[in-house]
1. So the check is Cβ under 7 Å with 6+ separation or different chains; which pairs have a first residue in region 1-15 that's in contact (Cβ under 8 Å) with a residue 24 or more places away in the chain and closer than 13 Å to residue 40 by Cβ and a second one that's aromatic (Phe, Trp, Tyr) and outside any loop (DSSP other than H, G, I, E, B)?
2. Give 18, 76 a once-over and let me know the one that is surrounded by 10 or more Cβ atoms within 10 Å (Cβ to Cβ), β-branched (Val, Ile, Thr) and at pLDDT below 90.
3. Among the residues of region 44-76, write down those that are more than 30 Å from residue 10 (Cα to Cα) and either touching an Asp or Glu at 6+ places or on another chain (Cβ under 9 Å) or part of a helix (DSSP H, G or I) (or both).
4. Which pairs have Cβ atoms under 6 Å, sit 6 or more apart or on different chains, and link a residue in region 25-43 that is in the same structural domain as residue 15 (by TED's automatic domain parsing) and assigned to a loop (DSSP other than H, G, I, E, B) to one that is surrounded by 11 or more Cβ atoms within 10 Å (Cβ to Cβ) and not aromatic (Phe, Trp, Tyr)?
Amino acid sequence: MLHLFGSEPWAMGMAVATAIGMMQFTGTLHPPSGAVALVVMMTKAQWQFLFTPTLEGSIILVLCAVVFNNLAHERTYPKYWL
């Protein structure tokens, strides 16, 4: 949206709506991710922002969740990957 329409207020709304719509379509709704789309539009971030901090932060959070959850012996996460 940013590269096509710039950082106009209506384009910011479309970016957030598109992000949330795609998350609903894929069944991966996470409302703070809509804020990432807004931050990209407001700061006019480059494509590198997708990798740092967004992708790296997401990977670190998942790894921390896996380690923390698996500290309890009666719980294993993820059930189907291991």
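The values are calculated or read from the model by the stated rules, or taken from the named source; none is laboratory data. Since we're looking at a predicted model, the values are computed, not measured. No Cβ is skipped: glycine too gets one built from the backbone with ideal geometry, and neighbour counts run over all protein chains shown.
1. So the pair list comes out as 11/5.
2. Matching residue, one of 18, 76: 76.
3. Hits for region 44-76 are 59, 60, 61, 62, 63, 64, 65, 66, 67, 68, 69.
4. From region 25-43, the pairs are 29/23.
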